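Working notes, structure below.
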Amino acid sequence: QSRWALAFAASAVAGLAGGTVHGFPHILGPRGTHALWLVTMAALVVASLGIVLASILRWPVSHVIRRAATLLIAAAYAMYGVWLLMHPAFVFAIAAYGAALVVLLVSELAFHRHEPALRPFTWGVAVSALAAAVQQSGWTPHRYFNYNDVYHVMQAVAIWMLYRGASCAFAPVGRHP
């Protein structure tokens, strides 16, 4: 559960920092905007790591294998995070997050196919993938509602679905929210 808390808290930090960058660049100035954008990128990597670690926690494997996978993944995300700070394009943060969602979905399909968490996790991953596609497409339905706005609304729905999945995954047996 703490790993999902990490993922959601880091997502909140990324949303707050990224929203501030988009909303107040004229107040932040170029250096402040860049610094806060790096916070956004780092927070997205931490959110991605939290999702992968939460997935690993549910693997039906020995403690030793789970621990080794955790250390390996943490090291990989740390290296990617450092690289991302030198290349802070949003598409690279989406790649880290997308990889984490793939790990989540594959893990759930492989190990928990018949559990109630699978459906909200699947919908969360699907909506998040669609949101990323919209964000990268540049589709702007209205001059006051652009591709980033559409992305963030869709991503809010995806995060809610992931939260529902995590709630189901860690609910006591027989009790699903």
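With each label point set 7 Å from Cα along the Cα-Cβ vector, what nm distance links R67 and S167?
With each label placed 7 Å out from Cα toward Cβ, I get 3.4 nm.
Could you check which residue among V61, V150, V125 shows the biggest mean-square fluctuation in a GNM of the chain with a 10 Å Cα cutoff?
V61
Which percent of the accessible heavy-atom area of the range 68-177 goes to carbon and sulfur, probe 1.4 angstrom?
C and S atoms contribute 72 percent here.
Can you work out the Karplus-derived ³J(HN,Hα) for every residue in the range 116-125? Use 6.51 cos²θ - 1.76 cosθ + 1.60 with θ = phi - 60°, whole Hz, and x for glycine or proline.
Listing the rounded values in order: x, 5, 4, 4, x, 4, 4, 5, x, 5 Hz.
If you take every residue apart from A166 with its C-beta less than 14 Å away from the C-beta of A166, what net charge results, scoring Lys and Arg +1 and Asp and Glu -1?
Net of charged neighbours comes to +2.
How do F90, F111, F121 stack up against each other in accessible area, from largest to smallest, with a 1.4 angstrom probe?
Ranking F90, F111, F121 by accessible area, largest first, yields F111, F90, F121.
For the range 39-56, what does the Karplus curve 6.51 cos²θ - 1.76 cosθ + 1.60, with θ = phi - 60°, yield as ³J(HN,Hα) per residue in whole Hz, taken in order and with x for Gly and Pro?
4, 4, 4, 5, 5, 5, 5, 5, 4, 4, 4, x, 5, 5, 5, 5, 5, 4
If W59, W83, W4, W139 are ordered by their accessible area, calculated over protein heavy atoms with a 1.4 Å probe, which sequence runs from highest to lowest?
W139, W83, W59, W4
Just add up the charged neighbours of S107: K/R +1, D/E -1, any other residue whose Cβ is under 12 Å from the Cβ of S107.
+1
For the range 17-62, place one equal point scatterer on every Cα, skip the solvent, and apply the Debye formula. What is log10 of I(q)/I(0) at q = 0.29 Å⁻¹?
For the requested q values the scattering log ratios are -0.93.
Give me the mean projected area, in nm² to one decimal, of the convex hull enclosing the Cα positions of the chain.
Dividing the Cα hull surface by four gives the mean projection, 10.8 nm².
Largest first and in whole Å, what are the equivalent-ellipsoid semi-axes of the range 64-162 based on the Cα gyration tensor, each being the root of 5 times an eigenvalue?
27, 21, 8
Over the heavy atoms of R164, what accessible area does a 1.4 Å probe trace out, to the nearest 10 Å²?
Roll a 1.4 Å probe over it and R164 shows about 70 Å².
For the range 118-177, rounded, prolate or oblate, judged on the Cα gyration tensor with a ≥ b ≥ c (square roots of eigenvalues), a/c < 1.5 rounded, else prolate if a/b > b/c?
Since a/c reaches 1.5 and a/b is larger than b/c, the shape of the range 118-177 is classed as prolate.
Ordering S167, S62 from largest to smallest accessible area (1.4 angstrom probe), what's the sequence?
S62, S167
Find the centroid of the Cα atoms in the range 99-143 and in the range 1-67, then give the distance between the two in whole Å.
The range 99-143 and the range 1-67 have Cα centres spaced 17 Å from each other.
For the chain, set up a GNM with springs between Cα atoms under 10 Å and report which of A166, A156, A14 has the largest fluctuation.
Maximum among the listed residues: A156.
Read phi for every residue in the range 77-85 and hand back ³J(HN,Hα) as whole Hz from Karplus 6.51 cos²θ - 1.76 cosθ + 1.60, θ = phi - 60°, with x for Gly and Pro.
Once θ is set to phi - 60°, the couplings for the range 77-85 become 5, 5, 5, 5, x, 5, 4, 5, 5 Hz.
The values are calculated or read from the model by the stated rules, or taken from the named source; none is laboratory data. Every value quoted in this text rests on a predicted model; they were computed, and no experiment measured them. Positions of Cβ are generated from backbone atoms using ideal geometry, with glycine treated the same way; all protein chains shown enter the neighbour counts. SASA here: full protein model, heavy atoms, side chains in, ligands and nucleic acids out. Shrake-Rupley method; radii C 1.70, N 1.55, O 1.52, S 1.80 Å.
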